[in-house]
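Laboratory data are not the source of any read-out in this text; all were calculated from the coordinates shown. Predicted, not measured: the structure shown is a model, and the values here were computed from it. Using ideal geometry, Cβ is built from the backbone for each residue, glycine included, and neighbour counts are taken over all protein chains shown.
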Amino acid sequence: MLCVGIEGTAHTFGVGIVTESAVLANESDSYSGVGIHPREAADHHAEVAGAVLRKALEKAHIPITDVDLISFSQGPGLGPCLRIAATCARTLSLRLEKPIMGVNHCVAHIEVGKWTTDAEDPVTLYVSGGNTQIIAYAGKRYRVFGETLDIGIGNMQDIFGREVGLGFPCYREIDDMVRNGTYIPGLPYTVKGNDFSFSGLLTQAIKMTAEYTVQDVTKSLMEHAYAMVVEATERAMAHTEKKELLLTGGVAAAPRLQEMCSIMCEERGASFYVPPRSLCRDNGAMIAYEGLLEYQHGMRMDFDETVVRQKWRTDEVEVTWL
Ligand code: FE2
């Protein structure tokens, strides 16, 4: 079965093509303004949609008429961006007379991670611009065992980068500074129960740049943020008694975060997995795979159910495929 997946929750417009056993194409184009203006990002997506789809079909060496199923990111995400992805999916579905599936973006991150690593029943640490959640499967749902109370860790990083003049995107500069900087104590460490909060930490770090170098503040900011999420993840692993950690999302590529996760897993005898980078960040292949999985387990979607769901939570999805 061939499934086309369309991702469009935030910065990235992506088109992936998968079968049950392989990713045939995973193309994308990202809006690259400083920060994200939802309408501008949506305009970007509308502009590149045709070209990204064509490129994906070329890479997969298939005519569009061979496609069996259309999947799209139905939520959560920015309304204007979601509506572009949904409109593309509906158009393809009508034109090709093929079924359509709207899938949850966060759940797609987890399932593609399990598909492309040896993880079977992991605790997932999903870290990106808009989302930071600790998720594990229990009783027909992917339950949230900890999450940000305000902004995503990637958003914190981007705002900090913008405020101190690093530009956008700035993850490479940040990774370098984390590697070479000197840790300064004194920033707030805000873990509440098993949730965490980044906005106070961000404000304090920006203030600190008046007194310390950007490099040292960046190092300290990210050490705090990573330690907070890894601490809460470890607690979720102890609570659920799961022995695997899956790290995914756009921030999963951060070397120091990977190192902290790896040390934590080693200390508790757990396995640690990170999917290939192209499948960690927002991408169409994960949307295609999730749609395929759901369709093959008997789920179907009527056209009038394809309305976008901006605030669709991970734990609202009934997992029928496990
Ligand atoms: Fe994402």
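Once the chain from Val164 to Asp176 is taken as fully extended at 0.36 nm per residue, the excess over their C-alpha distance is 2.8 nm. Sequentially through the range 61-68, phi angles give Karplus couplings (6.51, -1.76, 1.60; θ = phi - 60°) of 6, 9, x, 4, 5, 7, 5, 9 Hz, Gly and Pro residues having no value and appearing as x. Judged by the mean number of other Cβ atoms found within 10 Å, the most tightly packed of the peptides 9-18, 120-129, 311-320, 283-292 leads the ranking 283-292, 9-18, 120-129, 311-320. In this calculation the C-beta distance from Asp304 to Thr19 is compared with R0 = 25 Å, giving a FRET efficiency of 0.30. Inter-label distance, Arg39 to Val191: 4.2 nm, where each label sits 7 Å from its Cα along the C-beta direction. Taking 20 Å as the cut-off for C-alpha to C-alpha distance, list the pairs among Lys140/Lys242; Lys114/Lys242; Lys219/Lys243 that go past it. Check vs 20 Å cut-off fails for Lys219/Lys243.
The stretch between Ser271 and Gln296, if pulled fully straight at 0.36 nm per residue, gains 6.1 nm over its current Cα-Cα span. Taking the C-alpha atoms only, the angle from helix 255-267 to the longest principal axis of the chain is near 80 degrees.
Evaluating 6.51 cos²θ - 1.76 cosθ + 1.60 at θ = phi - 60° for every residue in the range 268-280, the Karplus couplings come out as 10, x, 10, 9, 10, 10, 10, x, x, 3, 5, 9, 7 Hz, glycine and proline recorded as x.
Other residues whose C-beta falls under 14 angstrom from the C-beta of Met301 contribute a net charge of -2, scoring Lys and Arg +1 and Asp and Glu -1.
Can you compute the FRET efficiency between Ser199 and Ser278 using 1/(1 + (r/R0)^6), with r the Cβ-Cβ distance and R0 = 30 Å? Round to the nearest 0.05. Intermediate results must be reported in sequence, preceding the final value.
Working: r = 30 Å, r/R0 = 1.01.
Once the sixth-power term is evaluated, E becomes 0.50.
Taken along the Cα-to-beta-carbon direction at a fixed 7 Å, the label points for Ala210 and Arg90 span 5.1 nm. Cross-link partners among aspartates and glutamates for Lys98, C-alpha distance below 14 Å, same-chain residues fewer than 8 apart left out? Counting by Cα, and skipping residues close in sequence, Lys98 has these aspartates and glutamates nearby: Asp66, Asp68, Asp302.
Taken along its principal axes, the alpha carbon cloud of the chain reaches lengths of 61, 42, 32 Å, longest axis first. Close amide H pairs (under 5 Å, H built 1.01 Å from N) link Phe198 with Leu149, Asp150, Ile151, residues at least 5 positions away or on another chain.
Between the amide H of Ser271 and those of Glu244, Leu245, distances stay under 5 Å, these residues lying 5 or more places away or on another chain, with hydrogens modeled in the peptide plane. Label separation (Tyr183 vs Ala238): 1.9 nm, computed from points 7 Å beyond Cα along the C-beta direction.
Bridges between two residues of the chain, per DSSP, are antiparallel at a rate of about 60%.
Just subtract the alpha-carbon distance of Glu97 and Asp118 from 0.36 nm times their residue separation and send over the number in nm, one decimal. Don't jump to the answer; show the numbers that get you there.
Numbers: separation 21, 0.36 × 21 = 7.56 nm, distance 3.57 nm.
Extra length from Glu97 to Asp118 when fully extended: 4.0 nm.
Less than 13 Å Cβ to Cβ from Lys98, Lys/Arg counted +1 and Asp/Glu -1: what total charge do the surrounding residues give? Don't skip to the answer; put the middle values down first.
Details: positive: Arg90, Arg95, Arg300; negative: Asp66, Asp68, Glu97.
Computed value for this residue: 0.
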